[in-house]
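The values are calculated or read from the model by the stated rules, or taken from the named source; none is laboratory data. Nothing here was measured: the structure is a model prediction, and the numbers come from that model. Cβ placement follows ideal geometry from the backbone for every residue including glycine, while neighbour counts extend to all protein chains displayed. Note: accessible area is taken over every heavy atom of the protein model, side chains too, but ligands, DNA and RNA are not part of it. Shrake-Rupley method; radii C 1.70, N 1.55, O 1.52, S 1.80 Å.
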Amino acid sequence: MKVAYVQMEPRLLDVNRNLSKAEKFIREAAAKGAELIVLPELFDTGYNFQSREEVESVAMEIPDGETTEFLAEQSREHGVFIVAGTAEKDEKGKLYNSAVITGPLGSGYIGKYRKIHLFYREKLFFEPGNLGFRVFNIGIAKIGVMICFDWFFPEAMRTLALKGADIIAHPSNLVMPYAPRAMPIRALENRVFSITANRVGEERGLRFIGKSTIASPKAEILAMGSEDREEVGVVELSLEEARNKRINELNDVFRDRRPEFYFV
Ligand code: ACM
């Protein structure tokens, strides 16, 4: 199975421009054979909001909003699955830092995830996610979704892996330097693949680190983006590697867990 990250530079509050740019990169990834394409966190709106009003001016309902419709249309047109971060406004006006998953069949909409661990000033605008960690069975693979800072909490990826994920799709807007080094270890300890799609560029003085990363269950870095360029990374994965949790004939990374000792 071929998978891709799209590393791009959204422009703050300019949804039309960001969707057009994403369209070009989705087409490029699909042309290179990717069946699953991961876009950054908040790829349609930008990240460094100054006020709740700014977020409200660009947030949309999921699935009844322009961004989800755009992603579903891209999935149908190219026959691909897409996971992408977006600002969600629910029917009561609550805001979430969410991710949408779309695919080529039916309406195209498959589901959504709402970021559970909010980072820094996100807490001023967004509600913490309330849907739990979700694994979507798309037929060719089981996809677990988490967003950016969720990586800092090993429980997030562990929960997704224990729920059966083969691949962790990880839309991101990373500003701290650690995740490109940490994600291969998260992938190793859970024996899954991970696709971190990060953004590049700067917004109101906040610089994003790029270095989108695809990591393997053996902690290999299969692809890594640059620090400052927009680009697409495409890699072929062998999913059997993620389904085998054995380390040797006597150790299995899930069966050997001792949860009775893991509380304080
Ligand atoms: C982050 O969670 N966007 C750092």
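Every residue in segment 100-122 that is within 11 Å of the ligand (Cβ to nearest atom) and surrounded by fewer than 17 Cβ atoms within 10 Å (Cβ to Cβ), please.
Scanning segment 100-122 gives 120, 121.
Limited to segment 164-189, what total is found for residues that are crowded, with 20+ Cβ neighbours inside 10 Å, under 20 Å from residue 226 (Cα atoms) and not hydrophobic (A, V, I, L, M, F, W, C)?
Let us first name the residues in segment 164-189 that are crowded, with 20+ Cβ neighbours inside 10 Å, namely 165-174, 179-180, 183-184, 186-187.
Applying the additional criterion that residues be under 20 Å from residue 226 (Cα atoms) yields 169-174, 179-180, 183-184.
Filter once more, keeping what is not hydrophobic (A, V, I, L, M, F, W, C): 170-173, 180, 184.
Qualifying residue count for the region: 6.
Could you count how many residues in segment 232-244 are open to solvent by less than 30 Å² (accessible area, probe 1.4 Å) and under 16 Å from residue 34 (Cβ atoms)? Don't jump to the end; show me each part of the working.
From segment 232-244, those open to solvent by less than 30 Å² (accessible area, probe 1.4 Å) are 232-233, 235, 237, 239, 242; that's our starting set.
From the residues that got through so far, the ones that are under 16 Å from residue 34 (Cβ atoms) too are 232-233, 235, 237, 239.
Residues flagged as open to solvent by less than 30 Å² (accessible area, probe 1.4 Å) and under 16 Å from residue 34 (Cβ atoms) within segment 232-244 amount to 5.
Of the residues that sit in segment 190-231 and are open to solvent by 20 Å² or more (accessible area, probe 1.4 Å) and hydrophobic (A, V, I, L, M, F, W, C), which one is farthest from residue 140 (Cα to Cα)?
Only one residue fits best here, namely 206.
Which of the residues belonging to segment 93-114 are touching a residue at least 40 places away in the same chain (Cβ under 8 Å) and in contact with a Pro (Cβ under 8 Å, 6 or more places away or on another chain)?
The answer is 99, 107, 109, 112.
Considering only segment 44-131, give the helices (runs of 4 or more DSSP H) lying wholly within it that have at least 2 residues that are modelled with pLDDT of 95 or more, under 26 Å from residue 24 (Cβ atoms) and not small (Gly, Ala, Ser). Break it down stepwise before answering.
Numbers: elements: 52-58, 66-78, 122-125.
Of the helices (runs of 4 or more DSSP H) lying wholly inside segment 44-131, those with at least 2 residues that are modelled with pLDDT of 95 or more, under 26 Å from residue 24 (Cβ atoms) and not small (Gly, Ala, Ser) span 52-58, 66-78.
Using the structure shown, decide if residue 23 is away from the ligand (no atom under 16 Å from the Cβ), in contact (Cβ under 8 Å) with a residue 40 or more places away in the chain, of a type in the set (Asp, Glu) and open to solvent by 10 Å² or more (accessible area, probe 1.4 Å). Break it down stepwise before answering.
Values: away from the ligand (no atom under 16 Å from the Cβ): yes; in contact (Cβ under 8 Å) with a residue 40 or more places away in the chain: yes; of a type in the set (Asp, Glu): yes; open to solvent by 10 Å² or more (accessible area, probe 1.4 Å): yes.
Against the criterion (away from the ligand (no atom under 16 Å from the Cβ), in contact (Cβ under 8 Å) with a residue 40 or more places away in the chain, of a type in the set (Asp, Glu) and open to solvent by 10 Å² or more (accessible area, probe 1.4 Å)), residue 23 qualifies.
Is it the case that segment 196-213 has a residue that's over 27 Å from residue 18 (Cα atoms), hydroxyl-bearing (Ser, Thr, Tyr) and touching a Phe, Trp or Tyr at 6+ places or on another chain (Cβ under 7 Å)?
Filtering segment 196-213 down to residues over 27 Å from residue 18 (Cα atoms) leaves none.
Within segment 196-213, not a single residue is over 27 Å from residue 18 (Cα atoms), hydroxyl-bearing (Ser, Thr, Tyr) and touching a Phe, Trp or Tyr at 6+ places or on another chain (Cβ under 7 Å).
In segment 207-261, which strands (runs of 3 or more DSSP E) lie fully inside it and hold 2 or more residues that are out of contact with any strand residue (DSSP E or B) (no Cβ under 8 Å at 6 or more places or on another chain), closer than 18 Å to residue 41 by Cβ and among the charged types (D, E, K, R)? Let's see the steps before the verdict.
Details: elements: 213-215, 221-224, 231-236.
Fully inside segment 207-261 and qualifying: nothing.
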